[in-house]
Amino acid sequence: MIISSPCVVSLVWCLEDAQGQLIDELADPMEFLLGGDDLLPKVEQALIGQTTGFEAHLHLEPEQAFGDYHADLVFFEKREIFPEQVYEGMQFDGPPEGATTPDLPKDAIYTVTEVYDSHVVLDGNHPLAGIAIRLNLKVCDVRSATEEEVEHGSVSTSPFSFAPTPAPGETVH
């Protein structure tokens, strides 16, 4: 089957930063909806018209991947609004309840980057924001997308979305 939108592609990949440091390796094939929210636009462009077995070696600048880093998405909140077991790497879908920093995007995922006795540092940037990446991928399979997958904009079994994090005030859609 020729890859076209919408369809489901099964991929393996190796994701590195611009200096060749490994960020992620997807050794077992995983399905993604092409034409939905699962893949970055440049990845989709590379896949259109291809078939099973196709390999690509892509270089993506931050604006083609997970966006530029926005310092205004990093903020401090009082330690007392967090659970007692707060830890670095913990994530919140939207600002944590009780946050006092004004105008934080409600649809961002905030990651705890530092924990102090008096405050906690949160970062609403995608972990790969501001980083140029190299993506070496291989198409393992292609199939038609189901109506449910197209309607949902994603393959339901996919544990994550590969879509970029929007800049403050912007949305992906």
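Structural remarks
- Label-point separation, Thr146 to Val121 (7 Å along Cα→Cβ), nm: 4.4
- Simple spin-label estimate for Asp103 and Tyr87 in nanometres, 7 Å along Cα-Cβ: 3.5
- In units of the rule-of-thumb radius 2.2 N^0.38 Å, the chain shows an alpha carbon radius of gyration of 1.16.
- Each peptide in 40-52, 120-132 was scored by the mean count of other Cβ atoms within 10 Å over its residues; highest first, the order is 120-132, 40-52.
- Extension gain for Gln45-Asp28 works out to 3.9 nm (0.36 nm per residue, less the C-alpha to C-alpha distance).
Only the coordinates and a few stated rules stand behind these numbers; no lab work does. Every value quoted in this text rests on a predicted model; they were computed, and no experiment measured them. Counting neighbours? That spans all protein chains shown, and the Cβs are built from the backbone with ideal geometry, glycine included.
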